[in-house]
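Values in this text are rule-based calculations from the coordinates and carry no lab data. Computed from a prediction, not measured in an experiment: that's the story for all the values here. Glycine gets a Cβ as well: all are built from the backbone with ideal geometry, and neighbour counts include every protein chain shown.
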Amino acid sequence: MIEVPLHEVAHSRAGDKGNRLNMSLIPYRPELYPILAQQVTEARVLALFRHRGATACVRHDLPLINAFNFVVDEVLEGGVNGSLNLDGHGKTNSFRLLALTVLVPEELLSR
Amino acid sequence: MNRFLVGNGAGFSGDRVDAPLPVLRTLIASGLPAALFFETLGERTVALAHLERRRDPEAGYEPMLERLLEPILALAKQHGIPLLGNWGAANPPAAARAVARLAMAQGMPDLRIALVEGDDVTGLVAGGQLPVHEADAGLDMGAWNLIAANAYIGAEPLIEALTQGADVVVAGRTSDPALAIAPLAHHFGWRADDWEKLALGAATGHLLECGSQVTGGVFWDPGFKDIPDPANIGFPIAEVTAEGGLVITKAAETGGLVELRTVKEQLLYELHDPAHYITPDVVLDITRCTLEQVGQDRVAVHGLRGHPRPDTLKVTASFEGSWLGEGEVSVAGPNALARARATADVLLERMKIRGLDVRARVDLIGVASVHDSDDGALWRGYDGPEPPEIRIRLAVEARTRDDADQAAREVLAMLCCGTAGTGGARWRVTPRILTRSHLVLREHVPVTASVRTAREILA
């Protein structure tokens with residue numbers, strides 16, 4: 001097993017509605033789906049956004065398309081219209097998620 | 001086989017204005033019946049448009065409307081491909097007049113322009129008649145003045161416009177997917193309660209509404225997810241069949257790509273519960289959805305399900321908010337991090353010394369900014385390598401323009417009073433808009449579609 005940032009094994013896109021953020025997480029290889037399901041928990045993703053006051057995180061699993069959808073509440077410190085953050089939409093946050101590390105078998109690293 | 005093509009020419013206000021022509025050319029080359037839609041409204045765009053309209057009664061519609069239509073209007077008309085858009089924003093009648101002027105200038109006085117109205121529900125929100133959406137339950141607008149409120153309307157009036165033979169449909173706050181549902185429902189004669197078919201339309205709209213985002217835009221990640229020719233990403237086209245088939249593809253001879261990964265990213269974009277993607281026309285359920293690459297730049301979408309539409313429509317109400325003041329300066333080279341941190345602390349101290357009534361935040365761009373919190377937890381805790389350059393940004397929210405301006409000017413003052421080697425100051429003050437979501441019963445939002453020729457509109 002090797003510890004890598006999610007960015008090595010998966011891709012993601014972030015979007016917003018009000019003060020709520022969603023991020024897809026899509027492993028490059030389907031064999032990684034159960035591994036990410038086990039390691040990329042709601043608690044770990046919520047912890048990534050605690051410093052910004054996030055209150056809850058829900059993960060929706062979509063195994064038929066080999067994808068996860070994370071929804072994080074109260075993370076945008078006011079949303080697009082209220083935030084003082086340069087990225088009021090929170091679109092850059094997919095790459096905060098992708099910086100999270102996971103332990104994966106080395107042979108699954110190739111994209 | 002009975003097939004229909006839906007193309008997208010813009011995914012937001014500010015999109016590439018040279019994108020629609022290759023899409024239109026591809027639609028024409030197919031020889032199939034087709035429509036082209038433009039999605040140019042966001043929550044924020046509508047509010048800004050309302051402010052523009054206050055300043056100038058003929059403004060408040062999509063500023064790029066003429067630039068988007070100029071190269072394609074005559075060609076679309078010639079080939080019978082209707083153009084639909086929510087480019088009316090806060091002022092659909094003025095947008096219709098702009099389209100009419102363009103049609104006259106291009107020698108098409110008989111161009112049929114549909115005006116869709118009725119989404120403005122400012123009066124209902126002002127009268128306190130609409131409940132606040134549960135997601136915004138805790139949001140107190142206090143004494144802020146209501147600017148406007150618009151309901152997200154569905155496909156019905158757009159279908160009516162197409163039935164009346166519209167060449168161009170000018171709408172305001174339609175839901176994004178309605179712009180794709182309407183031409184499909186019109187062509188195939190879908191019933192308003194055929195949830196499976198409407199789900200197909202909603203998915204088509206959802207996948208296409210952000211333009212290039214399904215064809216490689218905000219997807220490409222050099223070395224990880226490369227795409228061909230990102231300077232010329234082709235905008236998307238959906239191929240829909242009467243039997244319920246849906247294939248996502250894109251404009252011919254353009255950059256970008258359509259593959260499983262691009263479609264997955266867009267399918268989940270701005271989606272919360274995958275079983276309930278709520279639109280005014282249908283509730284889309286993608287939990288049984290599967291995707292299949294069926295050719296180069298062709299992805300088939302299967303297993304979409306639809307549930308009955310909600311009785312209520314979502315309303316976005318916008319309020320005149322506070323003021324945003326922003327200022328930036330740069331430091332670079334040896335000891336940049338210590339100088340940037342000191343600058344940040346001094347700026348926050350200056351807010352107190354000046355007695356400015358502001359909520360302030362400092363970013364150290366190059367260390368931590370967009371991922372940081374208002375209290376700068378990430379840059380304060382940073383212990384990585386010394387960055388070669390750092391841009392210090394102060395952002396404040398103030399109740400008065402003067403406080404926001406004075407706070408932003410404190411950044412300017414650092415040009416002389418700041419640390420050694422401080423330069424590159426910029427500052428600005430902008431009005432802020434606050435938004436709150438409400439719900440309205442759909443029968444309380446009477447929408448209309450009226451079709452007139454360019455000549456009639458300008459008479």
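The residue among B:His50, B:Gly85, B:Ala137 whose Cα reaches farthest toward the positive pole of the charge dipole of segment B:1-144, with charges on the beta-carbon of Lys, Arg, Asp and Glu, is B:Gly85. Select from B:Asn335, B:Thr316, B:Leu348 the residue farthest towards the positive end of the dipole of segment B:304-354; place +1 on Cβ of Lys and Arg, -1 on Cβ of Asp and Glu, and compute about the Cα centre. Result: B:Thr316.
Restricting to the protein assembly as shown, compute how many DSSP beta bridges are antiparallel as a %, nearest 5. Walk me through the numbers before you get to the answer.
Values: 94 of 110 bridges.
Counting DSSP beta bridges with both partners in the protein assembly as shown, the antiparallel share is about 85 percent.
Extension gain for B:Leu75 to B:Ser30 (0.36 nm times residue separation, less C-alpha to C-alpha distance): 14.8 nm.
Can you give the translational diffusion coefficient of segment B:398-450 in µm²/s, computed by Stokes-Einstein from the Kirkwood radius over Cα pairs at 37 °C and 0.692 mPa s? Using the Kirkwood radius from Cα pairs, D works out to 213 µm²/s. Rounded, prolate or oblate, given the Cα gyration tensor of chain B, with a/c below 1.5 counting as rounded? It is prolate, given that a/c is not under 1.5 and a/b is the larger ratio. Shape analysis of chain A based on the Cα gyration tensor places the equivalent ellipsoid semi-axes at 26, 13, 12 Å, largest first. Helix B:43-55: angle to the longest alpha-carbon principal axis of chain B, degrees 0 to 90, nearest 10? The angle comes out at about 80 degrees. The charge dipole of segment B:358-447, taken about its Cα centre with unit charges on the Cβ atoms of Lys, Arg (+1), Asp and Glu (-1) only, comes to about 400 debye.
According to the square roots a ≥ b ≥ c of the eigenvalues of the Cα gyration tensor, what is the shape class of the protein assembly as shown, taking rounded for a/c under 1.5, prolate for a/b larger than b/c otherwise, and oblate for the remainder? Present the calculation step by step, with values, prior to reporting the outcome.
Details: a/c = 1.76, a/b = 1.28, b/c = 1.38.
Note, shape of the protein assembly as shown comes out oblate.
What the phi angles of segment B:287-304 give under the Karplus curve with 6.51, -1.76 and 1.60, with θ = phi - 60°, is a coupling list of 5, 9, 6, 10, 10, 9, 6, 10, x, 5, 6, 9, 10, 8, 10, 10, x, 6 Hz, glycine and proline written as x.
Stretching B:Arg101 away from B:Gln129 to a fully extended chain increases their span by 6.2 nm, per 0.36 nm per residue minus the current alpha-carbon distance.
The angle between the Cα long axis of helix B:20-30 and the longest principal axis of the Cα atoms of chain B comes to about 20 degrees, rounded to the nearest 10.
Which value, in debye to the nearest 20, gives the size of the charge dipole of the protein assembly as shown about its Cα centre, when Lys and Arg are +1 and Asp and Glu are -1 at the Cβ? Write down the numbers at each step before the final one.
On the way: 55 positive and 72 negative charges, 145 e Å.
Value, rounded to 20: 700 debye.
Using Cβ contacts closer than 10 Å as the measure, can you line up B:Val367, B:Val294, A:Val9 from fewest to most? Let's see the in-between values first.
Working: B:Val367 23, B:Val294 12, A:Val9 20.
In increasing order of surrounding Cβ atoms, one gets B:Val294, A:Val9, B:Val367.
The dipole here belongs to chain B: it is taken about the Cα centre, uses +1 on the Cβ of Lys and Arg and -1 on the Cβ of Asp and Glu, and is about 680 debye.
Projecting the Cα positions of B:Met64, B:Gly11, B:Ile433 onto the charge dipole of chain B (unit charges on Cβ atoms of Lys, Arg, Asp and Glu, taken about the Cα centre) puts B:Met64 furthest along the positive direction.
What angle, in degrees between 0 and 90 and rounded to the nearest 10, separates the Cα long axis of helix B:401-417 from the longest principal axis of the Cα atoms of chain B? Helix B:401-417 sits roughly 50 degrees off the main axis of chain B.
Under the classification rounded if a/c is under 1.5, otherwise prolate if a/b is larger than b/c and oblate if not, where does segment B:317-437 fall, given a ≥ b ≥ c as square roots of the Cα gyration tensor eigenvalues?
prolate
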